[in-house]
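Peer 1: Got a structure here, written out as structure tokens. Questions coming.
The values are calculated or read from the model by the stated rules, or taken from the named source; none is laboratory data. Because the structure is predicted, anything quoted here is derived from the model rather than measured. Here the Cβ is made from the backbone with ideal geometry for all residues, glycine too, and neighbour counts use every protein chain on show. The protein model used for the area step is the full one, side chains on, heavy atoms only, and it has no ligands, DNA or RNA in it. Shrake-Rupley method; radii C 1.70, N 1.55, O 1.52, S 1.80 Å.
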Amino acid sequence: RSPAGMLLVAAGLLLAVAAGGRGSPTGDQESPPGSRFVCTSLPLEATGAGCPLPPVPMQGGALPPEEELKATVLQLRETVLQQKETIGSQREAIRELTGKLSRCEGTDGKSAAGAWKNEVGKGKDTMGDLPRDPAQVIDQLSRTMQTLKDRLESLEHQLRANVSYAALPSDLREMLQRRLGDLERQLLSKVAELEDEKSLLHNETSAHRQKTETALNALLERVSELEKGNSAFKSPDEFKVSLPLRTNYLYGKMKKTLPELYAFTVCLWLRSSASPGIGTPFSYAVPGQANEIVLIEWGNNPIELLINDKVAQLPLFISDGKWHHICITWTTRDGMWEAFQDGEKLGTGENLAPWHPIKPGGVLILGQEQDTVGGRFDATQAFVGEMSQFNIWDRVLKAEDIMNIANCSINMPGNIIPWVDNNVDVFGGATKWPVETCEERLLDL
């Protein structure tokens, strides 16, 4: 055969092999529906357009014709092998495209996108323009809108939190400060008004409750007195306390105590025939000072008045075994004192614990001198005899009032400590007895 004939045979084989793939070697384009692949022979001059072939050497070249033909065949074989490798490597892509084409050409009325999604993609959406369910689209849009709304609210909240007060305009800051100041003042004023109303209501309630309690207590005391038959006494103050022995355990005790005093008057009736000295008619002790107020006649000493452990000797003589009315006044102003016996002023003095107020809350004992508050009595200082009408006022009584009390013209109980039966307790064998009348006591003088 001639070299030209061999070339035509080789070109035909090449086209036949290419046609066996039913598509282009690259598989980049899809054939339209109904198209067919036809294998035709190409003339020699057209081979350069589709399948480039190596140039055929002209006759009369440097090599003999057999060598040239052999070289051409080798080159063609090499080209065929390369084309086969290319077709083999792209056969899978051609198969996928062929499958897509066959499904697009289907006429069974089913959605090609659904078949592709179910059979080939297995749920993977490879085509962005596939139709979707409207309900799903609306639901997805709703969720998207809600997400955007939440993010917007979060951003607004962060923006409000991050806005600095200092970044506000000065006028707005001043206006806000004034407004806040006004609101604060209004609030404080309202709170103050409520507190005042609460305090007034509390005070009124407390005063009313205290008045009610006082009236009830007085009524209860009166009922108790009536139930007891008022002991053997005709009236609550017609009794005397008897201390017959000089011991350290006979005494009387006042249930009431003293408030803070800047002046006082103490009056009492007493009768004693003890010697030497009558002892201690009364003593008042407070924490830290056992001798806050003491009236004592001890041994051969004159009768003395002690205030805050300071001493003043009194010109009184009452150890004759008869009833005597004794009154003592004192004031913090210059420590002035006065001593009355049977209505007459027998002595006066000053500088007795001046400017010292009498301390409150102590213990008032009849018939004993206290070395500690309410105790540690000394028998040698005990009072022996009888006493009655022991009263204390928080002021200095006038001389005429003292005279009227002493001559039985008036009965004036003390406003701080009155002589009342239920205000006096007796201990250690001390007793209460009905007292002689004031006129009988006067006859004893």
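Peer 1: Please enumerate the residues belonging to segment 256-304 that are closer than 21 Å to residue 435 by Cα and open to solvent by 60 Å² or more (accessible area, probe 1.4 Å). Reasoning before the result, please.
Peer 2: Taking segment 256-304 as the starting set, the residues that turn out to be closer than 21 Å to residue 435 by Cα are 266-274, 278, 280-282.
The answer is 271, 273.
Peer 1: Does residue 205 satisfy the condition of being open to solvent by less than 80 Å² (accessible area, probe 1.4 Å), within 25 Å of residue 418 (Cβ to Cβ), at pLDDT 80 or above and not acidic (Asp, Glu)?
Peer 2: In short, no.
Peer 1: Next question, about the same structure. Within 23 Å of residue 303 (Cβ to Cβ) and out of contact with any Pro (no Cβ under 8 Å at 6 or more places or on another chain): does that describe residue 403? Give the steps one after another, and end with the answer.
Peer 2: On the way: within 23 Å of residue 303 (Cβ to Cβ): yes; out of contact with any Pro (no Cβ under 8 Å at 6 or more places or on another chain): yes.
Yes: the conditions hold for residue 403.
Peer 1: Further question: Which of the numbered conditions does residue 266 fail, given that it passes all the others? Conditions: (1) within 52 Å of the chain's Cα centre (by Cα); (2) at pLDDT 95 or above.
Peer 2: Among (1) within 52 Å of the chain's Cα centre (by Cα); (2) at pLDDT 95 or above, residue 266 violates only (1).
Peer 1: So is residue 311 touching an Asp or Glu at 6+ places or on another chain (Cβ under 7 Å), in a strand (DSSP E or B), open to solvent by 40 Å² or more (accessible area, probe 1.4 Å) and in the same structural domain as residue 368 (by the TED database) or not? It would help to see each step written out before you state the result.
Peer 2: Working: touching an Asp or Glu at 6+ places or on another chain (Cβ under 7 Å): yes; in a strand (DSSP E or B): yes; open to solvent by 40 Å² or more (accessible area, probe 1.4 Å): yes; in the same structural domain as residue 368 (by the TED database): yes.
Taking the combined requirement at face value, the residue satisfies it.
Peer 1: What residue, among those in segment 410-445 that are loosely packed, with under 15 Cβ neighbours inside 10 Å and part of a helix (DSSP H, G or I), is nearest to the chain's Cα centre (by Cα)?
Peer 2: By that ranking, first place goes to 422.
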